[in-house]
Ligand SMILES: [Zn+2]
């Protein structure tokens, strides 16, 4: 099972160790005793980990992108991140955090020579540029999202899987 981010991995390990402990101990409680399944524990931890991620981002100082994107309802996003396939989850996390394979990021990591937008070639390619500003993507955003130049605040109300379609289109080279 794949989970986004480090906390998720810790959650997985905790779930594994709890599940192991559970199978070692003698059940206590009224009969018939129904033990909690490993997958139930995993799901609970995964949900917890994603929600914790989102809440932490929201509360961190200075994370303008995530805060604008998240609004007051991070739970909405965790539902979709958990409900998507691996690529959809990655793309949504990228949209939320702004941390994705943008040329700004790749350039900072020394992986590409230029940080300019792969579509317009005129501005630095940040997540906000791709989501909101790039002129070359205005038509695609209109088609997929119904808005040519949405603000980050607009994204709170857009359908998460439409957002992943836009990003899959832009970042198709980095998809599996
Ligand atoms: Zn552009």
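Every read-out reported here was derived from the displayed coordinates using simple, explicitly stated rules and does not represent laboratory data. Note that the structure is a prediction, hence the values are computed from the model and not measured. All Cβ positions, even for glycine, are placed from backbone atoms using ideal geometry, and neighbour counts span all protein chains on display.
What the table below lists for this structure:
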item	result
Of all residues in the stretch 133-142 being crowded, with 19+ Cβ neighbours inside 10 Å and part of a helix (DSSP H, G or I), the one that is farthest from the ligand (Cβ to nearest atom)	141
Yes/no for residue 166 being more than 12 Å from the ligand (Cβ to nearest atom), in a helix (DSSP H, G or I) and touching a residue at least 12 places away in the same chain (Cβ under 8 Å)	yes
Lone qualifier among 93, 105, 109, 142 - being touching a residue at least 60 places away in the same chain (Cβ under 8 Å) and on the phi < 0 side of the Ramachandran plot	93
Meets criteria (within 16 Å of the ligand (Cβ to nearest atom) and within 15 Å of the chain's Cα centre (by Cα)) for residue 161	no
Count of the stretch 83-132 residues which are more than 25 Å from residue 43 (Cα to Cα), assigned to a helix (DSSP H, G or I) and more than 12 Å from the ligand (Cβ to nearest atom)	4
